[in-house]
């Protein structure tokens, strides 16, 4: 998978940032799922390369639990990504969203939030979200398969203040009603799948192998 070099102008507000949420403990999975294997790479490598291939910039990876185990895997992306430690990762997903927003809020027009437990997402979906955003300029865009919403989700900069105010285990979906949610119709139902427990992991491998 070819990797896109970062842009040089960090003040370019037309950038769409990529935020990879990877701070969780994986308690239900039984081990760090960030380091589980998929397509001959770890989950976190897959998601980083999705973001880079789609030319998201900056690409911010939020780590917390298992930090010292995960960081060495990401060394090869030095200069391409920014790693942010979330010391309060055990407070829930909102804490990771807040530290990410603080990092990117001055340097981009919008942000796409990618989940580390979805290593199967294709760069084409990310590119479609970006294309739809610059065509329509909607505040929030999410892929839908039929009536079911998938991930990743794009948020315009206008949403950042509210995202920065989230608490507990709240995610971005809590502000959908306030800013409006735009559908991006997508046919691949595999985008609805994420890995929470070992059985999910076995199903993911079965789907793709």
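Each reported figure results from applying straightforward, stated rules to the coordinates on display, with no laboratory input. Since the structure is predicted, the reported quantities are computational estimates derived from the model, not experimental observations. Every residue, glycine among them, receives a Cβ derived from its backbone with ideal geometry; neighbour counts consider all protein chains shown.
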Next item on the list: With both partners inside region 16-208, how many of the DSSP beta bridges are antiparallel, as a percent to the nearest 5?
Entry: 30 percent
Next item on the list: Along Cα→Cβ, 7 Å out, is where each label goes; now give me the distance between the ones at residue 161 and residue 174 in nm to one decimal.
Entry: 1.8 nm
Check: Spin-label point model (7 Å from Cα, Cβ direction): what's the residue 71 to residue 102 distance in nm?
Finding: 1.7 nm
Note to self: Taking only Cα atoms of region 16-208, what ratio of Rg to Rh do you get with Rh as the Kirkwood inverse-distance radius?
What the structure shows: 0.93
